[in-house]
Amino acid sequence: MDLLYSVKFGQDEGYLVLLLEHQSTADYKMPLRVQKYVLRICEDYLTKNNNVKIPLIYPLIFYTGETKYNAPLSLYSLFNNSELAKKFLTEPIQLIETKGFTKEDIRGRYYAGLMTYFMAHIRQKDIFPYIKEVIEFITRISEQGNIEFIETILYYLTDRVDYEKVDDVFADYGTVVIPEHK
């Protein structure tokens, strides 16, 4: 049974989440289960309260097993590198703004730069001038043998361009990749 109580943490309003577990064995995935439950509470709260700040949520587990609880209690302990997992999941999300991303921004970053470049320009009515502008980078990636990356870009572009222009996208790519990638 899961219970949710509205409580005060000093001056802050919040929720106390009680997970009353009636199982006889420890659950290795309990931290993940608790986090999913907390995130559902957060999402529900934001939906019902027009995106105002979320109150504090304090998860608490009552374990009724007959043996000592010996499974992880931290979500981060489920990761190979718990310290990096904690850092990645508690610090602000890395944001890459694509607006205004130009060919010059790609220099030295062919893979991430090229994908970001196309993300920045994908809404253009005519994508072809943008493809032609970075054709040298596509050629370099093809020469390095990474057809999977080129295929990913092709899927992205052909999913976004007008249906009647898909053949033109493939034709342009066919002129700059190495023969075995055509």
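Each reported figure results from applying straightforward, stated rules to the coordinates on display, with no laboratory input. Everything numeric in this text was worked out from a predicted model, so none of it was measured. Heads up, the Cβs are rebuilt from the backbone with ideal geometry, glycines too, and the neighbour counts pull from every protein chain shown.
Taking amide H positions as placed in the peptide plane 1.01 Å from N, state which residues far from residue 7 in sequence (5 or more) or on other chains have amide H under 5 Å from it.
Distant-sequence amide H within range of residue 7: 14, 15, 16.
As an exercise, use a Förster radius of 41 Å and the Cβ-Cβ distance of residue 144 and residue 67 to find the FRET efficiency, rounded to the nearest 0.05.
Taking R0 as 41 Å, the efficiency between residue 144 and residue 67 is 0.15.
Nearest 5 is fine: what % of DSSP beta bridges in region 2-90 come out antiparallel, could you say?
Bridges in region 2-90 are about 50 percent antiparallel.
Out of all Cα-Cα pairs in region 2-90, roughly what percent, to the nearest whole number, are more than 16 Å apart?
62 percent
With +1 on each Lys and Arg Cβ and -1 on each Asp and Glu Cβ, how big is the dipole of region 1-155 about its Cα centre, in debye rounded to the nearest 20?
So the dipole magnitude of region 1-155 works out to roughly 200 debye.
How about residue 29: which lysines have a C-alpha closer than 19 Å to its C-alpha, ignoring those fewer than 8 places off in the same chain?
Within the straight-line limit of under 19 Å, residue 29 reaches these lysines: 68, 86.
Would you mind calculating the gained length between residue 24 and residue 135 on full extension (0.36 nm times residue separation, minus the Cα-Cα distance), in nm to one decimal?
Here the segment from residue 24 to residue 135 would lengthen by 33.8 nm.
Report the relative contact order of region 1-132, percent, no decimals, based on alpha-carbon pairs under 8 angstrom and at least 6 residues apart.
Relative contact order here is 21 percent.
Applying the Karplus parametrisation 6.51 cos²θ - 1.76 cosθ + 1.60 with θ = phi - 60° to the phi angles of region 143-151, what ³J(HN,Hα) value in whole Hz is obtained for each residue in order, glycine and proline being reported as x?
5, 7, x, 8, 5, 4, 5, 4, 4
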